[in-house]
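Down below is the structure, laid out as structure tokens.
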Amino acid sequence: MEKHFLDEQMEGTPTFQSEPWYNRFGDCVIFQIADEAFVAERIDELLSVYHSVNDGRTIGFQIKGVLAIIKKFGLDGLSIKSETDANELKSISIAALLLAAYEEGPRTLGRRRAYASVMECPVDRRSIPTEELQLV
Amino acid sequence: MAADYACKAIDPSAPDGPKIDVIFPGELTLRYFKYSPVRYMHLITAKYVLEHTERIFFGVREFNDGGWCYTARPDEWHIRENVVAPFPKEMVFAVYLNPNLRVYEFRAERAAKDDAACPEDWQNRYRGMTWKSTS
């Protein structure tokens, strides 16, 4: 395969990091637990599940329309406060985002299974600071 | 901070006109380089799709106006770090652009049974197809 077109401007040693992050170019939260190719399964308007192409297991997800979810449910309904500093900025709970997204669609068995599968993904970072939520 | 990378692609608003610059945001590509090596390699596949587009869809989000999806079927892709394999026949690679023509997502999806260059259920998930290749 060809040389990567961006290699000349990249420096450092890549290290796979398994934690959810906010993609401000797409207003979505992305999370992957394994660094391998996946096929995305669109569950509904707000959730896509990533399945490994090697063995089909769930290795991640994408929550879409994050700012719209926050607008509808309110920051207080989705956020958690730091336990160490009451004045610190809030963070958005990944679990609360997933539950809010689930409430937006029909309560079908397929959706319930898909949402359950992503909620079982082992997540080290369970929230995203609100200061990171800036749409481009 | 990595610089933005401009890639020439079909103008989704005027497909018969001159090609336009679609941007891979430096912030995004740097993140994939640092933390997700396989997806960093999939940027090569995404660039291939923008340069060899087979279908373009519009209206990709219900809650965010605008946006585009470009699709194509590459010959190969990375399945693990340093492991290249043929791209599966039953899949299509999709590249998603926001209304500012910034790439924000790129991934394999199952291909539609009625058109292997389209993601499955394309008739319901997008507002429409704006362009298809004739070759």
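The values are calculated or read from the model by the stated rules, or taken from the named source; none is laboratory data. Predicted model only: the values in this text are computed from it and were never measured. So basically every Cβ, Gly included, is an ideal-geometry build from the backbone, and we count neighbours across all protein chains shown.
Condition test on A:Ile33, is it more than 7 Å from chain B (Cβ to nearest Cβ) and in contact with a Cys (Cβ under 6 Å, 6 or more places away or on another chain)? Spell out how you get there, then give the answer.
On the way: more than 7 Å from chain B (Cβ to nearest Cβ): yes; in contact with a Cys (Cβ under 6 Å, 6 or more places away or on another chain): yes.
Yes, satisfied.
Answer yes or no as to whether B:Val92 is aliphatic (A, V, I, L, M) and either assigned to a strand (DSSP E or B) or within 11 Å of another protein chain (Cβ to nearest Cβ) (or both). Walk me through how you get there before you give the answer.
Values: aliphatic (A, V, I, L, M): yes; either assigned to a strand (DSSP E or B) or within 11 Å of another protein chain (Cβ to nearest Cβ) (or both): yes.
Yes: the conditions hold for B:Val92.
Could you check how many residues of the range A:10-53 are charged (D, E, K, R) and within 22 Å of B:Arg110 (Cβ to Cβ)?
If we filter the range A:10-53 for residues that are charged (D, E, K, R), which is where we start, we get A:11, A:19, A:24, A:27, A:35-36, A:41-42, A:44-45.
Add one more test, that the residue is within 22 Å of B:Arg110 (Cβ to Cβ), and what stays is A:35-36, A:41-42, A:44-45.
The qualifying residues number 6.
Restricting to the range A:41-63, and then to whatever is hydrophobic (A, V, I, L, M, F, W, C) and part of a loop (DSSP other than H, G, I, E, B), can you tell me which residue is farthest from the other protein chains (Cβ to nearest Cβ)?
Narrowing the range A:41-63 to residues hydrophobic (A, V, I, L, M, F, W, C): A:43, A:46-47, A:49, A:53, A:59, A:61, A:63.
If we keep only those that are part of a loop (DSSP other than H, G, I, E, B) too, we end up with A:43, A:46, A:53.
Values: A:Ile43: 11, A:Leu46: 8, A:Val53: 6 Å.
Per the criteria, the residue is A:Ile43.
Among residues belonging to the range B:33-46 that are of a type in the set (Phe, Trp, Tyr) and buried (at least 21 other Cβ atoms within 10 Å of the Cβ), point out the one that is farthest from the other protein chains (Cβ to nearest Cβ). Steps first, please.
Narrowing the range B:33-46 to residues of a type in the set (Phe, Trp, Tyr): B:33, B:35, B:40.
If we keep only those that are buried (at least 21 other Cβ atoms within 10 Å of the Cβ) as well, we get B:33, B:40.
On the way: B:Phe33: 5, B:Tyr40: 7 Å.
That would be B:Tyr40.
When the residues of the range B:52-77 are filtered to those that are in a loop (DSSP other than H, G, I, E, B), at pLDDT 95 or above and under 14 Å from the mean Cα position of the chain (by Cα), which remaining residue is nearest to the other protein chains (Cβ to nearest Cβ)? I'd like the intermediate steps shown before the answer.
Taking the range B:52-77 and keeping what is in a loop (DSSP other than H, G, I, E, B), we get B:52-54, B:59-67, B:73-75.
Checking which are at pLDDT 95 or above leaves us with B:52-54, B:73-75.
Keeping just the survivors that are under 14 Å from the mean Cα position of the chain (by Cα) gives B:52-54, B:73-74.
On the way: B:His52: 13, B:Thr53: 17, B:Glu54: 18, B:Arg73: 13, B:Pro74: 10 Å.
Here the answer is B:Pro74.
I'm trying to understand the selection: among the residues of the range A:8-23, which are more than 8 Å from chain B (Cβ to nearest Cβ) and either without any contact (Cβ under 8 Å) to a residue 60 or more places away in the chain or out of contact with any Ser or Thr (no Cβ under 9 Å at 6 or more places or on another chain) (or both)? Talk me through it step by step, then tell me what you get.
First, the residues of the range A:8-23 that are more than 8 Å from chain B (Cβ to nearest Cβ): A:8, A:11, A:13, A:18-20, A:22.
A:Glu8, A:Glu11, A:Thr13, A:Ser18, A:Glu19, A:Tyr22 - these are the residues of the range A:8-23 that are more than 8 Å from chain B (Cβ to nearest Cβ) and either without any contact (Cβ under 8 Å) to a residue 60 or more places away in the chain or out of contact with any Ser or Thr (no Cβ under 9 Å at 6 or more places or on another chain) (or both).
Of (1) within 13 Å of chain A (Cβ to nearest Cβ); (2) out of contact with any Pro (no Cβ under 9 Å at 6 or more places or on another chain); (3) in contact (Cβ under 8 Å) with a residue 60 or more places away in the chain, B:Ile10 satisfies all except one. Which?
(1)
With the checklist (1) under 11 Å from the mean Cα position of the chain (by Cα); (2) touching a residue at least 60 places away in the same chain (Cβ under 8 Å) in hand, flag the one item B:Ala108 doesn't pass.
Failed condition: (2).
How many residues are surrounded by 23 or more Cβ atoms within 10 Å (Cβ to Cβ) and under 15 Å from A:Ser48 (Cα atoms) when one looks only at the range B:110-121?
Qualifying residue count for the region: 1.
Condition first: of a type in the set (Gly, Ala, Ser) and in contact (Cβ under 8 Å) with a residue 40 or more places away in the chain. Now tell me which residues in the range B:14-46 satisfy that. Reasoning before the result, please.
In the first step, residues of the range B:14-46 are kept if they are of a type in the set (Gly, Ala, Ser); the result is B:14, B:17, B:26, B:36, B:46.
The answer is B:Ala46, and nothing else.
Those residues that are in contact (Cβ under 8 Å) with a residue 60 or more places away in the chain and among the aromatic types (Phe, Trp, Tyr), I need them from the range A:37-76; list them, please.
A:Phe61
Quick one: is B:Arg80 surrounded by 15 or more Cβ atoms within 10 Å (Cβ to Cβ), more than 9 Å from every other protein chain (Cβ to nearest Cβ), on the phi < 0 side of the Ramachandran plot and basic (Lys, Arg)?
Working: surrounded by 15 or more Cβ atoms within 10 Å (Cβ to Cβ): yes; more than 9 Å from every other protein chain (Cβ to nearest Cβ): no; on the phi < 0 side of the Ramachandran plot: yes; basic (Lys, Arg): yes.
No; evaluated as a whole, the condition is false for this residue.
Does A:Val66 satisfy the condition of being at the interface with chain B (Cβ under 8 Å from one of its Cβ atoms) and of a type in the set (Val, Ile, Thr)?
Details: at the interface with chain B (Cβ under 8 Å from one of its Cβ atoms): no; of a type in the set (Val, Ile, Thr): yes.
Answer is no for this residue.
Answer with yes or no whether B:Val49 is more than 8 Å from every other protein chain (Cβ to nearest Cβ) and either closer than 13 Å to B:Phe106 by Cα or free of Cβ contacts under 8 Å to residues at least 24 places away in the same chain (or both). Explain how you work it out, then say what you get.
Working: more than 8 Å from every other protein chain (Cβ to nearest Cβ): yes; either closer than 13 Å to B:Phe106 by Cα or free of Cβ contacts under 8 Å to residues at least 24 places away in the same chain (or both): yes.
When the stated conditions are applied, B:Val49 passes them.
Could you list all residues from the range B:9-32 that are over 20 Å from B:Gly128 (Cβ atoms), surrounded by 12 or more Cβ atoms within 10 Å (Cβ to Cβ) and not hydroxyl-bearing (Ser, Thr, Tyr)?
Kept after step one, since they are over 20 Å from B:Gly128 (Cβ atoms), are these residues of the range B:9-32: B:18-19, B:21, B:23-32.
Checking which are surrounded by 12 or more Cβ atoms within 10 Å (Cβ to Cβ) leaves us with B:19, B:21, B:23-32.
Listed by number, the residues that qualify are B:Lys19, B:Asp21, B:Ile23, B:Phe24, B:Pro25, B:Gly26, B:Glu27, B:Leu28, B:Leu30, B:Arg31.
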